[in-house]
Amino acid sequence: MPVIYFLIYLLTMIGIYSLLAMSLNFQVGFTGLINFGQVAFFCIGAYASSLLVTKAGAPLILGFVGGMALSGLFGYIISIPTKSLKADYWAIATLAGGEVVRLLALNEGWLTEGPFGVMSIPQPLRWLFSKDSYPLFYLFLIAACVLIIYFVLSLLTNSPFGRNLKAIRDEEDLCLSLGKNTRKLKLQAMVVAGMVAGLAGALFAHYITYISPENFKPIETFLMWAMIIVGGRGNHLGAILGAVVIQLFNVSTRFIGGYVPLGSDTMAALRMVIIGLLIVLFLLYAPEGLIRERKKVYHLKRKHIE
Amino acid sequence: MEDPTGAYPGRRGLISYVKLVIPFHFLPHARVDTYSKVLGYYNMDFSQIIANSLVRGAELSLLAIGLTMVFDILKFANFAHADYAVLGAFLVYSLNQVLGLSLFLAVILAAPATALIGICIDTAIFKPLRRKEAKVVTAMVCSLGIGIALRNILRLIWTSRTKTYAIPIQKPIEILGARLTFTQIGIVLTGFISMVIFHLLLHRTKFGKALRAISDNRVLASACAIDSEKVIKWMWFIACCYGVMGGTMIAMEHLLYPRLGFDILIPVFCAAILGGIGNPYGAMLGALTLALAENIVLALDFSYLISLGGLFEVGPIQISTGYKPAISFVILVAVLLFRPTGILGRK
Amino acid sequence: MRRLVDVVVTSILLGLLINVGAVGGAEEPVRIGLLCPITGTQAVMSEDMLTGAKMAVEETNAAGGVLGRPLELIVEDTETRPAPGMDAARKLIGVDRVEILTGGFSSGVSLPIAEYAQEQGVLYVLAVPTSPLFRDVGPCCMSITVVDSFKGKAVADFAVEDSGKKKFALIHMNNAFGQAIKQVTINRLKELGAEIVTEVDYELNKVDYKAELLRLFAKDPEAIVGTWYAKEGLVTAKQAYEMGLLNVDKVPWYVSEITSSYAEALDKIPEVLEGIKGLDPLEPGRLFSEKFKERMGREPITAFAAHYYDAVRMIAMAINFANSTDPAAVRDTLFEIDDWYRGMSYGGDKRFDEDGMQDHAQFRKVIIQNGKKVDY
């Protein structure tokens, strides 16, 4: 039944965006790093993996690892300036950085095929499955990735490392005065986030089997931001829920389109107006998002003080 | 090759002959013909590059001034600033085309109208955030959302069809070897006059004094009985009016469409940061520098430098034109990395 | 807040279900999917394309429809971006269960869709996208439009033959469409013994192309060959004119497709374009233009209207002759009927080569005189 395949496709895309949102949430919601160039990780992961496999002839698993590694490396590079730049300056720089990455992919044709894009990207374990069962397998693969990343990130954020990150987010100066190496912590956070988003990029490239620079425009970053703001920052479930809500909302206009007497251009514009307004309204009236961050409250024990 | 019509006398003007000889005179062994190698143009139209940069700089600086003011006073980068400007340019379009007002009159009406919308948005969104003492980044992300919403509201009202103002195409006139149209000369002059007015506003009025006081120390300013909210309203008013002028100029020179705001956002940010946040003169200088860089980088031939002054034979090495949009991004990132206070420094 | 989550999620799911339920019924029309870039391009273009397709459907239905049932188009917006384009195609194939797709605009958007359609065994008849890469997709991908290589070659031939010049400067947009034309143009110009002094690639959706134009003219080219879309064509022509660079008596301009490059400029600044030469697809059939005008009150501005019309008409005809909507059968029939179908676009000859592409094209040479395109 083809409808099932469409639903599987939707869920797969939601899975990929969940990974991206979790990665962005790890930067914004946990570490307080405002990244407006998130799509660059996605782009690097997708390109690195597919080029390693199609051009260098590496096995698929190496492609995935390479995509994650390069994306993590990019995270390392762009986190270097955080030590001297204020959060908002850094945010503007990342927006520019994200576009530079896309322009590199567009103009370095000897490596990336330029505007033509990379075609016929092989799919993992494709030979094991029939045409009809493969999408389901890929969905399971992505669901497994989302689960694994969810648990890994949860482990990280519940560890002392995660508590330090939250400390940076809430009071960086205090954190510094406690002798924490905030710079190193931020570096590590960006590398982790970069690897997660790079994984999402690799999964995307090997799923769609064709990528071109047009896939990685800044609007994708803005959608990821809408996801974490709607879903709630500072917890991984929020990011996943945000990805579900925004992706479903994006597709839903294709279905209500027939019942609403509005042109397609109007609908598309209206959809983006709503996404913009969602960002503003959630920040104003429900800054925690749909799922609130669970903050541990440490009660002072009186006897310790006395 | 002489132009038979005589409409376009030779493409080399006074300044083009001078080329970039002067800056390289200190090089001891450089011969005259090597100078022109540094610029990839065999007949480099240096005067035209300067003229184009002046026009672009005038447009950008009017937008950068508002951005830098908001950044200075409210401490957040307003990602919707360029979209306010485009909203104003669309209002000008409607007043001009639908009501048949002259462009000048249309700008005079559209600027305060846009400013009013800007103040309303401030009251509805940024003021509550200020009152809650939310982090500055919250306001910044909010402005990103406002920008997305505004851009698409423009698309709803005016559709995504490209618009142009009803200005007939003009024959260029030649000034010092550069060809400019009257519109472009008007843009440069308006930009210059607006800057003078801004200077007077900042230094000769009570508002300017209050603004500078708040910029220096907000707590102290409120202790001196300066009503900061009122000053902030006026600041939005000025920022929006200047933005509308800049937006209208860009639309006059080029095109008008709803996404325009996003397309000019990074250059405007770049100009503001290049000049140093909170420094209106810096914003002007930043805009001019950026415009010059945008126009000249494509013209440079790096083979002379790569060959270490002619030691090796190197073919022409020029930056691929595909990277032109990256110029402002790279400058922006470089300035942030190496001199985040801008070229003039912070005030 | 939790209740809000429930409401949002249930309403979206309900919306999906209602639609899914609505599919199916006894006397259902034959549906084919139309992928159209309604957002993200010039409004005129998508209006042209949609009108062309709708005219084809109405004519088909007036003549008895297909297989005794009415023909119906399901239009989905690709937003000229790959991701929504994929959403659209998956929805058409998965939810609406169409077996034949047509339309398309940007090659970058249509390529992944074509690969997916190939995998699903769905026939995709391209109406506008022209990348040569479509050849390698597989048998399910066919095209009623000419692949880039011919346009690039034809404009190179025209430019060399007409101008007799040796030093050329090229300007193309930095996307799959522009770069494919550029490659073929360069190769052909070199074959003909011409020298390429400058290549300029410009980014779409910018407002200031003056630096690119100065670079274009930097090394004293004797002729310019270029391609634009409507918006960029308008801006570059205006800026080149204002910088005194647009002077076709000294440096002639050749444009690989006048209609799509100067759709806006011809409307707004025709006096500037005086004397620019270029290629154009053969005028859409006169009959088509008249019918289009009757319906819309204007002539089709771009040639794409006729492309969409042809694609839908040919599919409808092939379904009728194959007596089925099975993609493989329709594909085979398309190869049979192409000999005698007279199209409205590109001179009407719609014969496919063995890959299901069009390897022949007739262009007309046009020059802009008194603000109008006239045959050259």
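Laid out as a table, the results:
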quantity	calculated
Volume in Å³ per residue [convex hull over Cα atoms, computed for chain C]	155 Å³
Gaussian network model of chain A, springs between alpha carbon atoms under 10 Å - residue of A:Lys217, A:Lys295, A:Lys186 with greatest fluctuation	A:Lys295
Listed residue pairs exceeding 29 Å between alpha carbons, taken from A:Lys184/B:Lys75; B:Lys75/C:Lys231; B:Lys163/C:Lys167; B:Lys324/C:Lys219; B:Lys163/C:Lys250	B:Lys75/C:Lys231; B:Lys163/C:Lys167; B:Lys163/C:Lys250
Cα centre as origin, Lys/Arg/Asp/Glu Cβ charges: the protein assembly as shown dipole, Debye	4540 debye
Cα-based shape type of region B:177-240, given that a ≥ b ≥ c are square roots of the gyration tensor eigenvalues and the cut on a/c is 1.5	prolate
Debye equation applied to the C-alpha atoms of region A:1-117, log10 I(q)/I(0) at 0.17, 0.19 Å⁻¹	-0.96, -1.10
Chains C and B together, accessible area buried on both sides, 1.4 angstrom probe, square angstrom	4000 Å²
A versus B: buried accessible surface, summed, Å² (probe 1.4 Å, to nearest 100)	3500 Å²
Residue mean of other protein chain beta carbons inside 10 Å, C:81-94	6
Å² per residue, accessible surface of chain C at 1.4 Å	34 Å²
Note, ³J(HN,Hα) from phi for region C:215-232, Karplus 6.51, -1.76, 1.60, rounded to Hz, x at Gly and Pro	5, 4, 9, 4, 9, 6, x, 9, 7, 10, 10, x, 9, 9, 9, 4, 5, 5
Total charge dipole magnitude, region A:2-215, about the Cα centre, Cβ charges on Lys, Arg, Asp, Glu only, Debye to nearest 20	440 debye
Accessible carbon and sulfur surface of region C:89-146 relative to its total accessible area, %, 1.4 Å	46 percent
Relative contact order (percent, whole number), region A:175-258, Cα cutoff 8 Å, 6+ residue spacing	14 percent
Most mobile of A:Glu220, A:Glu171, A:Glu293 in a GNM of chain A (Cα contacts under 10 Å)	A:Glu171
Occluded residues from region B:125-151, i.e. those whose accessible area drops by 20 Å² or more once the chain is not alone (1.4 Å probe)	B:Ile125, B:Lys132, B:Lys135, B:Val137, B:Thr138, B:Met140, B:Val141, B:Cys142, B:Leu144, B:Gly145, B:Ile148, B:Ala149
Phi-based couplings in Hz for region C:317-327 (Karplus 6.51, -1.76, 1.60; Gly and Pro marked x)	5, 5, 4, 4, 6, 6, 6, 6, 9, 4, x
Cα-based convex hull volume of region B:38-338 per residue, rounded to whole Å³	152 Å³
Average partner coverage of C:107-117, which counts Cβ from other chains inside 10 Å	4
Mean Cβ neighbour count within 10 Å, used as a protection proxy, ranking A:202-210, A:105-113, C:104-112 highest first	C:104-112, A:202-210, A:105-113
Dipole of the protein assembly as shown [Lys/Arg +1, Asp/Glu -1 at C-beta], most positive-end residue of A:Ser50, A:Pro122, A:Ser154	A:Ser154
Residue mean of other protein chain beta carbons inside 10 Å, A:81-91	4
Nonlocal amide H pairs with C:Gly343, under 5 Å, H built at 1.01 Å	C:Gly348, C:Asp349, C:Lys350
Chains A and C, summed buried accessible surface - 1.4 Å probe, Å², nearest 100	4100 Å²
Taking the convex hull of Cα positions in region C:130-179, its mean projected area over all directions (nm²)	4.4 nm²
Angstrom value of the Kirkwood radius, inverse mean 1/r, which spans all Cα pairs in the protein assembly as shown	30.2 Å
Sequence-distant residues sharing a close amide H with A:Ile211 (under 5 Å, placed H)	A:Val118
Burial order of peptide ranges B:242-249, A:187-194, C:343-350 (average beta-carbon count within 10 Å, highest first)	B:242-249, A:187-194, C:343-350
Which of A:Ala202, C:Val137, B:Ile264, positive extreme of dipole for the protein assembly as shown (C-beta unit charges)	B:Ile264
Most mobile of C:Gly52, C:Gly103, C:Gly138 in a GNM of chain C (Cα contacts under 10 Å)	C:Gly138
Mean Cα-pair separation over length for chain C, i.e. relative contact order, pairs under 8 Å, 6 or more apart, %	18 percent
Region B:171-222 versus region A:241-283: alpha-carbon centroid distance in Å	40 Å
Expected 222 nm ellipticity per residue - DSSP helices of 4 or more, -39500 (n - 2.57), all of chain C, to 500	-14500 deg cm²/dmol
Backbone HN-Hα couplings from phi across region B:196-212 [Karplus 6.51/-1.76/1.60, Hz, Gly and Pro as x]	4, 4, 5, 4, 4, 4, 6, 10, 10, 10, 5, 4, x, 4, 4, 4, 5
Long-range amide H partners of C:Arg364 with built H, under 5 Å	C:Asp280, C:Leu282
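The values are calculated or read from the model by the stated rules, or taken from the named source; none is laboratory data. It should be emphasised that the depicted structure is a prediction, and the values quoted were computed from it without experimental measurement. Neighbour counts run over all protein chains shown; Cβ positions are idealised from the backbone, glycine included. Ligands, DNA and RNA are stripped out before the accessible areas are found, and what is left, the full protein with its side chains, is counted by its heavy atoms. Shrake-Rupley method; radii C 1.70, N 1.55, O 1.52, S 1.80 Å.
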